[in-house]
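Taking it in order: structure first as structure tokens, then the write-up.
The values are calculated or read from the model by the stated rules, or taken from the named source; none is laboratory data. Remember, it's a predicted structure, so these values are computed and weren't measured experimentally. Every residue, glycine as well, gets a Cβ built from its backbone with ideal geometry; the counts of neighbours run over all protein chains shown. Areas reflect the complete protein model, heavy atoms only, side chains present, ligands, DNA and RNA absent. Shrake-Rupley method; radii C 1.70, N 1.55, O 1.52, S 1.80 Å.
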Amino acid sequence: MFRDRTVSLVIPAYNEEETIRQVVEEFRTEPHLDEIIVVDNNCKDRTAELAAAAGARVVQESKPGYGAALMAGMSAAKGDILVLVEADGSFRARDVVKLLVYLDDAGMVMGTRTTKQMVEQGANMRFMLRWGNVFMAKFLQLCWMRPSEPRFTDVGCTFRALSTTTFEKIRHRLRMTGPAFSPEMMCAALQERCRIIEVPVTYSQRMGGESKHSDTFARQAKTAWKMFRTICRKRFLERGAPMPARSEG
């Protein structure tokens, strides 16, 4: 619990048996978390079993994709505050409190992995990936310079916190099922005039496995294009009600 508000941690997972136990065990040491939810997104390994053994509540989601898994986890969460994080061990539990503190002043708090001093050796944040995220973040920032004047340096950071009140405001605007869900959340919050604050978080080397969206240049480019299209759609086409859902393929 944090300042009389309960806190739920949501971890989307697809075949993460190599890391999930360590991640759940680390975040269980964070005293402000009241529950940890691991979303089994069609795992074909022992992810769900290991997560439950480590103390997490496992939620099943058959619709594939990072965004779909997060929606299922946030919908199932019982907390007043939702904290989202990866299952690969690249983020540290000690940074949770950074996000929670700033929720007193915002509806959503984003982590950023582009502060060079916070990127540890071996982390998946090479030059092109880092500056690609900065460029896309500045594009999103420019799109909403009026009236919101946000300050962003990362659109792909999956470590973030939001109040359940914010989630209920924006959930009808969330349609993407893959990695573009990340900037879509940011855009949806800005559409609903929610305040967003960004804070630096530690970004570490993955404990195991490989990124599904940024391990090769081709995947990075594909993800960047989807994010760019999503930002443009949210800013220039969705003036009122959100557009119908479309496939991300």
Exercise for the section: Could you tell me which residue of the range 2-34 is farthest from the chain's Cα centre (by Cα), considering only residues that are farther than 14 Å from L50 by Cα and among the hydrophobic types (A, V, I, L, M, F, W, C)? Expected result: F2
Practice task
Name, by its number, the condition in (1) buried (at least 19 other Cβ atoms within 10 Å of the Cβ); (2) at positive phi that does not hold for E184.
Solution key: (2)
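Could you tell me whether any residue of the range 138-146 is assigned to a loop (DSSP other than H, G, I, E, B) and in contact with a Leu (Cβ under 7 Å, 6 or more places away or on another chain)? Give the derivation first.
Just the residues of the range 138-146 that are assigned to a loop (DSSP other than H, G, I, E, B), to begin with: 144-146.
Those still in the list that are in contact with a Leu (Cβ under 7 Å, 6 or more places away or on another chain) too: 144.
Yes, the range 138-146 contains a residue that is assigned to a loop (DSSP other than H, G, I, E, B) and in contact with a Leu (Cβ under 7 Å, 6 or more places away or on another chain).
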Practice task
Say whether the condition of being closer than 25 Å to Q22 by Cα, in contact with a strand residue (DSSP E or B) (Cβ under 7 Å, 6 or more places away or on another chain), among the charged types (D, E, K, R) and buried (at least 18 other Cβ atoms within 10 Å of the Cβ) is met by at least one residue in the range 120-141.
Solution key: no
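So, in the range 143-177, of the ones that are small (G, A, S) and more than 11 Å from the chain's Cα centre (by Cα), which residue ends up most open to solvent (accessible area, probe 1.4 Å)? First the steps, then the outcome.
Looking only at the range 143-177, we keep the residues that are small (G, A, S), and these are 148, 156, 161, 163.
Next, only the ones that are more than 11 Å from the chain's Cα centre (by Cα) stay: 148, 163.
Working: S148: 45, S163: 17 Å².
So the residue we want is S148.
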Problem - Checking T153 against (1) hydroxyl-bearing (S, T, Y); (2) touching a Ser or Thr at 6+ places or on another chain (Cβ under 7 Å); (3) within 21 Å of S8 (Cα to Cα), the condition it does not meet - result: (3)
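Quick check on A72: is it closer than 27 Å to R193 by Cβ, without any contact (Cβ under 8 Å) to a residue 40 or more places away in the chain and aliphatic (A, V, I, L, M)? I'd like the intermediate steps shown before the answer.
Numbers: closer than 27 Å to R193 by Cβ: yes; without any contact (Cβ under 8 Å) to a residue 40 or more places away in the chain: yes; aliphatic (A, V, I, L, M): yes.
Here the answer is yes, as A72 does meet what is asked.
Tell me, please, whether a residue that is assigned to a helix (DSSP H, G or I) and among the β-branched types (V, I, T) can be found in the range 29-50. Write out each step before concluding.
Start the filter on the range 29-50 by keeping residues that are assigned to a helix (DSSP H, G or I), which leaves 47-50.
Now narrow it down to the ones that are among the β-branched types (V, I, T): 47.
Yes.
One line per residue, one yes/no per condition, for (1) modelled with pLDDT under 90; (2) within 18 Å of L84 (Cα to Cα); (3) part of a helix (DSSP H, G or I):
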{"residue": "A161", "(1), (2), (3)": "no, yes, no"}
{"residue": "T165", "(1), (2), (3)": "no, yes, yes"}
{"residue": "R175", "(1), (2), (3)": "no, yes, no"}
{"residue": "P179", "(1), (2), (3)": "yes, yes, no"}
{"residue": "A189", "(1), (2), (3)": "no, yes, yes"}
{"residue": "G209", "(1), (2), (3)": "yes, no, no"}
{"residue": "D215", "(1), (2), (3)": "yes, no, no"}
{"residue": "T223", "(1), (2), (3)": "yes, no, yes"}
{"residue": "P244", "(1), (2), (3)": "yes, no, no"}
Handout entry: Breaking point among (1) under 18 Å from R160 (Cβ atoms); (2) of a type outside the set (S, T, Y); (3) outside any helix (DSSP H, G or I), for M74
Key = (3)
Exercise for the section: Within the range 81-89, identify whether any single residue is at pLDDT 95 or above and in a helix (DSSP H, G or I), and answer yes or no. Expected result: no
Completion exercise
Of those in the range 90-106 that are open to solvent by less than 10 Å² (accessible area, probe 1.4 Å) and over 13 Å from R160 (Cβ atoms), the residue modelled with the lowest pLDDT is S90
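Listed here are the residues, each with its yes/no results for (1) over 12 Å from I231 (Cα atoms); (2) of a type in the set (F, W, Y).
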| site | (1), (2) |
| --- | --- |
| L129 | yes, no |
| V134 | yes, no |
| V155 | no, no |
| T165 | yes, no |
| M176 | no, no |
| F181 | no, yes |
| E184 | no, no |
Exercise for the section: Could you please tell me which pairs satisfy a Cβ distance under 8 Å, a separation of 6+ or placement on different chains, a first residue in the range 40-60 that is closer than 17 Å to A77 by Cα, and a second residue that is open to solvent by 50 Å² or more (accessible area, probe 1.4 Å) and of a type in the set (F, W, Y)? Expected result: N41/Y14
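Could you list, in sequence order, all residues of the range 178-196 that are under 14 Å from the mean Cα position of the chain (by Cα) and among the aliphatic types (A, V, I, L, M)? Step through it out loud before you land on a result.
Looking only at the range 178-196, we keep the residues that are under 14 Å from the mean Cα position of the chain (by Cα), and these are 178-189, 196.
Within the range 178-196, A180, M185, M186, A188, A189, I196 qualify.
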Exercise for the section: Among what's in the range 1-19 and is open to solvent by 70 Å² or more (accessible area, probe 1.4 Å) and in contact (Cβ under 8 Å) with a residue 60 or more places away in the chain, pick the residue that is nearest to T164 (Cα to Cα). Expected result: R3
